[in-house]
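Notes for the one structure printed next.
The values are calculated or read from the model by the stated rules, or taken from the named source; none is laboratory data. Source: prediction; values computed, not measured. Reconstructed Cβ throughout: ideal geometry from the backbone, glycine too, with neighbour counts over all protein chains shown. All accessible areas refer to the heavy atoms of the entire protein, side chains included, with ligands and DNA or RNA removed. Shrake-Rupley method; radii C 1.70, N 1.55, O 1.52, S 1.80 Å.
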Amino acid sequence: MTRPTTTAPAPRADRVSAALHLRPTGFGLAFLILILLTLIGCVNYGLSLGYGLTFLLGGVWVVTAAQALRSARSLTLTVRPSGSVHAGQDAPLTVQAQAGGSGGALEVRLHAQGRELRAALHVRADGAALTVAFPTVVRGPLSIRVHAHALDRLGLWRVALPAPPAPLTLLVWPAPESPVPPVPVRAAPGVSGDGLRGPGDEEFAGLRPYQPGDSPRQVSWRHVARTGQLLTRETDAARGHATDLHWQDAPGDPEARASRLSAWAQHLSALGTPFALTLPGTHLKAAAGEAHLHAALNALATVDPLPAAPGPARGAARLVSHAATLVTQATPPTLLALAVTLAPGGLRHPVWITLLIILLLAHALARVLPRPGRTLDPLPVWLLALLAVGGAAALITTQGTLLGRDAGTAFLGLLIALKTAESRSSRDGRILILLGLFMTSTHYFYSQGPLAALHTLISAAFLLAAAPAWIAPVASGPASTPAAPGGEGRRAHLRDSLLGAGRLLALAAPLALVLFVLFPRPAGPLWQLPVQGQATTGLSNEISAGEYSNLAQNSAVAFRADFQGALPTPDQRYWRGPVYEAYDGRTGGRSARPAGRPAWT
């Protein structure tokens with residue numbers, strides 16, 4: 001492989017920090033919408049600890065913006081071709097990045113001939129590299145425009161890095177015709193059978209400095225005695241006839257001619273036969289060897305007329321981030337985080353829906369675990385739709401609705417599990433992260449005690465730890481080779497990811513605390529859906545500690561009285577509610593009374 005004609009490394013991003021532009025990604029906008037939805041839920045249902053989780057996620061959103069800017073200022077990016085290729089092949093490009101002491105992620109987009117290639121990689125303090133393959137279509141110089149973005153560790157923000165001053169250029173050789181047609185039998189003009197000579201032992205060719213390993217018989221001892229310098233005699237021998245290739249030897253249009261001459265040149269070079277090449281405006285003298293072959297292919301790549309560049313290819317954008325490796329590496333930590341998030345539902349939801357969720361998560365895990373010689377296909381769409389409709393119908397039958405607290409959270413857990421069964425891309429993985437965070441906030445419908453707060457904090461940490469794995473595969477070293485799927489590697493990566501998520505939450509905690517203290521609490525809800533099992537005004541038989549605030553904020557009508565005839569006087573229009581005399585330290589209820597004695601009057 002030859003080196004390319006031109007390389008264009010991208011400039012250092014930290015030299016022009018004034019040109020940096022910070023924008024949220026699609027995942028970042030969805031994350032912000034999630035925060036707003038959870039905030040509305042906290043307002044509607046008076047979830048005091050829910051405010052804490054919402055503001056903590058808001059702090060994460062702000063902190064990651066600062067991380068993206070810091071990463072962009074420290075990143076140094078270089079993109080260079082690894083060599084020339086034939087038309088129709090993928091041109092290898094090496095993307096190298098240095099983080100300057102701070103980690104981050106990098107997204108690179110390459111544009112040429114109406115095609116786009118996207119690559120992403122994690123950048124550590126010791127740097128990272130990634131080899132991507134850009135598709136080529138026609139011969140000639142290929143100019144590739146490079147656009148790069150720095151990302152935060154979660155992929156919520158992107159910062160556009162300055163574009164290189166000139167596009168990246170490499171030379172695409174013409175595709176050789178296959179099979180190779182017969183080579184013309186024509187000797188190069190002015191070259192006889194002994195006109196070309198090469199290394200041999202027939203005639204003296206000259207002297208060169210002595211090199212270790214030369215035979216003593218080759219040393220010119222006469223020159224040693226005269227000058228004291230060791231010199232070695234070189235000899236050569238005839239190399240035979242050289243084939244003369246002409247542009248007119250190949251029939252057809254210019255592309256067909258270039259393709260046939262490319263095939264002849266490579267065939268003769270493989271045989272060790274020297275050849276000369278005559279093209280319009282270019283002539284290469286007879287020679288042999290790899291350098292001569294590359295010179296001939298370069299000349300064929302640039303011979304006029306050059307082919308027209310293809311138009312924009314529909315749907316040509318490709319993401320090169322080792323898609324299969326990405327899903328394989330990112331799915332297990334995501335499933336673990338979802339399992340932690342959905343675990344409390346096993347104590348509240350019907351047994352059948354808990355078992356169904358466990359089976360779906362197990363199926364999703366089995367799809368990505370290494371199984372030599374066997375692969376587990378995703379569940380068909382019709383089966384997933386049947387499970388969703390059947391689960392909804394069963395919940396409506398047992399709960400009477402899908403909008404209540406118990407039925408709604410159970411159905412949401414089922415939908416999350418169904419989504420894991422059909423996830424195939426990074427987009428699906430990020431949707432699972434968002435659904436998991438939303439599911440975490442619903443746990444406050446059941447309890448706002450310290451255990452619930454601890455569980456939601458752990459769930460959020462696991463979900464945020466799984467998010468970076470959906471940006472790019474984890475590299476085992478600066479060469480960006482994906483990490484081995486061994487258990488030890490997975491545990492080390494999970495540990496590092498949890499530590500990173502913990503640091504991120506710790507950085508977001510001060511802002512969350514300020515918002516928790518200063519954010520005004522509206523006096524009433526914006527709107528509400530029915531929350532089953534929650535204490536409301538009315539004639540309930542029992543009430544638990546922690547439900548009094550919800551009882552006091554409920555403005556629903558508790559009791560209506562209709563009178564026939566004249567309206568009673570005010571002293572007769574007084575009704576006493578239930579008396580909760582039996583109290584076990586947590587729940588108050590009606591006490592057992594003798595028959596005929598009412599519990600309320």
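Annotation for L451 and R124: the two label points, set 7 Å from Cα along the Cα-Cβ direction, are 4.0 nm apart.
Computed over protein heavy atoms with a 1.4 Å probe, the accessible surface of the stretch 75-177 works out to 30 Å² per residue. What the Cα atoms of the stretch 28-140 give is an Rg and a Dmax of 20.8, 67 Å. Inter-label distance, E290 to L402: 6.5 nm, where each label sits 7 Å from its Cα along the C-beta direction. Taking V85, V381, V62 and ordering them by how much accessible surface each has at a 1.4 Å probe, largest first, produces V381, V62, V85. Kirkwood radius and radius of gyration were both taken over the C-alpha atoms of the stretch 92-163, and their ratio Rg/Rh is 1.01.
At a probe radius of 1.4 angstrom, the accessible area of the stretch 361-443 per residue rounds to 46 square angstrom. Among the protein heavy atoms of the stretch 57-182, carbon and sulfur supply 56% of the accessible surface, probe 1.4 Å, non-protein parts ignored. Each peptide among 228-234, 301-307, 465-471, 429-435 gets the average number of other Cβ atoms lying within 10 Å of its residues, and from highest to lowest they stand as 465-471, 429-435, 301-307, 228-234.
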